[in-house]
Amino acid sequence: MTLEQTFLMIKPDAVAAGKIGRIISRLEDTGLKIERMELAQLTFEQAAANYAEHKGKPFYDSLIAYIVSGPVVKMVVSGEGAVAACRKLMGATDPAEAAPGTIRGDFGLTVDANVMHGSDSSASAEREIALFFE
Ligand code: IDP
Ligand code: MG
């Protein structure tokens, strides 16, 4: 394992539902370090760039509309194997399939509004941190 950074985002449904504190507690309890954190309204351009790999899929338009629908909390988090550790804490993409004890499993109901985003690799993390923080 190596010390690495990942990009995380608490999505609009979880911000609106008042889950910021409980989600951040889980990250801190795991030993991950929050390096940067900001409440932000994403631009359409940032949303499209973040989800470029999904362009053309049936859910793409509603995904973009949803992610710019209200404020998000964007974060840079670091730790040993932080990318995989955060994906594990988040759980499966569809909250209906995410295990109890994971953030999506405990705080989400549907795949359209699934509580959090987390980078899927170190390369994605680097790209996403540059997109959202530089
Ligand atoms: P991930 O967020 O776990 O990496 P991806 O497959 O990269 O999952 O999908 C990106 C986001 O697109 C998901 O977090 C979810 O919000 C949305 N999404 C993925 N698949 C579906 C779907 O089948 N219907 C609606 N939204 C979806
Ligand atoms: Mg993904």
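Positive end of the dipole of the chain (Cβ unit charges, origin at the Cα centre): among Val76, Thr43, Thr110, the Cα lying farthest that way belongs to Thr110. Per residue of the chain, the DSSP helices (runs of n ≥ 4 H) give a summed -39500 (n - 2.57) that works out to -11500 deg cm²/dmol at 222 nm. Each listed q (0.19 Å⁻¹) maps to a log10 I(q)/I(0) for the chain, found by the Debye formula over equal Cα scatterers with no solvent: -1.13. Taking max minus min of the alpha-carbon positions on each principal axis, region 47-89 gives extents of 35, 22, 17 Å, largest first.
Every pair of different Cα atoms in region 87-134 enters the Kirkwood calculation, which places the hydrodynamic radius at 11.3 Å. Once the C-beta distance of Ala48 and Ala92 is scaled by a Förster radius of 25 Å, the resulting FRET efficiency is 0.50 to the nearest 0.05.
Under 30 Å of direct C-alpha separation, and excluding same-chain neighbours fewer than eight residues apart, Lys33 reaches these lysines: Lys11, Lys19, Lys74, Lys88. Applying Stokes-Einstein at 4 °C and 1.567 mPa s to the Kirkwood radius of region 8-73, computed over alpha-carbon pairs, gives a translational diffusion coefficient of 99 µm² s⁻¹.
Using alpha carbon centroids, what distance separates region 8-46 and region 87-119, in Å? Each part's Cα centre sits 13 Å from the other's. The calculated FRET efficiency for the pair Leu3 and Ser124, based on their C-beta separation and a Förster distance of 25 Å, comes to about 0.90. Exposure check, 1.4 Å probe, all protein chains in place: Asp106 carries approximately 70 Å² of accessible surface.
Each Lys and Arg contributes +1 and each Asp and Glu -1, all at the Cβ; summed about the Cα centre of region 62-134, the dipole is approximately 80 debye.
The values are calculated or read from the model by the stated rules, or taken from the named source; none is laboratory data. Nothing here was measured: the structure is a model prediction, and the numbers come from that model. Positions of Cβ are generated from backbone atoms using ideal geometry, with glycine treated the same way; all protein chains shown enter the neighbour counts. For accessibility, only protein heavy atoms count, side chains too; no ligands or nucleic acids. Shrake-Rupley method; radii C 1.70, N 1.55, O 1.52, S 1.80 Å.
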